[in-house]
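Trainee: I am attaching a structure below and will ask some questions about it afterwards.
The values are calculated or read from the model by the stated rules, or taken from the named source; none is laboratory data. Note that the structure is predicted; figures quoted are calculated from it, not measured. Cβ placement follows ideal geometry from the backbone for every residue including glycine, while neighbour counts extend to all protein chains displayed. Accessible surface is based on the protein model in full, side chains and every heavy atom, while ligands, DNA and RNA are left aside. Shrake-Rupley method; radii C 1.70, N 1.55, O 1.52, S 1.80 Å.
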Amino acid sequence: QVQLVESGGGLVQPGGSLRLSCAASGSIWNINTMGWYRQAPEKQRELVATSTPTESPNYADSVKGRFTISRDRAKNTVYLQMDSLKPEDTAVYYCNAYVQPNYDAPWRDYWGQGTWVTVAS
């Protein structure tokens, strides 16, 4: 089993900053993509940012220049630094990882439980 545990969400004023963390643990042979998605009330889940070992990070247009994704591969952890936050960034943020649990196991997606980010004055 693979677990993804997020932390760092909360309430912040517009213009403020938050840093989300997501640590993957359990049966992990290899991890390719790690990333963040979000889902606002009554909206579909959307991509925020993703990170792969070999390519430049990918960001949603709405967060480019404000959010930064980074990884610590030794710790199987991905971070999302969120600056200049806006009320429209309010959502549940989900961590995602594309994992091979064992050397002979198929790759599959895993999700964290989500963490709330609320941007309000």
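Trainee: Search region 50-81 for residues being touching a residue at least 24 places away in the same chain (Cβ under 8 Å) and in a loop (DSSP other than H, G, I, E, B), and hand back the single one that is farthest from ALA23 (Cα to Cα).
Mentor: Ranking the qualifying residues of region 50-81, first place goes to SER62.
Trainee: Can you find a residue that is of a type in the set (Lys, Arg), assigned to a strand (DSSP E or B) and free of Cβ contacts under 8 Å to residues at least 60 places away in the same chain anywhere in region 7-27?
Mentor: Scanning region 7-27 turns up no residue that is of a type in the set (Lys, Arg), assigned to a strand (DSSP E or B) and free of Cβ contacts under 8 Å to residues at least 60 places away in the same chain.
Trainee: A follow-up question, please. Restricting attention to region 43-56, and to residues there that are open to solvent by 60 Å² or more (accessible area, probe 1.4 Å) and modelled with pLDDT of 95 or more, which single residue is farthest from VAL78 (Cα to Cα)?
Mentor: That would be LYS43.
Trainee: Also, I was wondering about something else. Looking at the structure I just gave you, is THR115 among the β-branched types (Val, Ile, Thr) and open to solvent by less than 60 Å² (accessible area, probe 1.4 Å)?
Mentor: yes
Trainee: Checking ILE28 against (1) closer than 16 Å to TYR110 by Cα; (2) open to solvent by less than 40 Å² (accessible area, probe 1.4 Å): exactly one of these is not met. Which one?
Mentor: Only one criterion is unmet by ILE28, namely (2).
Trainee: While we're here: Out of all the residues in region 28-49, which are in contact (Cβ under 8 Å) with a residue 40 or more places away in the chain and closer than 22 Å to GLY65 by Cα?
Mentor: THR33, MET34, GLY35, TRP36, TYR37, ARG38, GLN39, ALA40, ARG45, VAL48
Trainee: From the list LEU80, LEU4, LEU85, LEU11, exactly one residue is open to solvent by 20 Å² or more (accessible area, probe 1.4 Å) and out of contact with any His (no Cβ under 7 Å at 6 or more places or on another chain). Which is it?
Mentor: The unique qualifying residue is LEU11.
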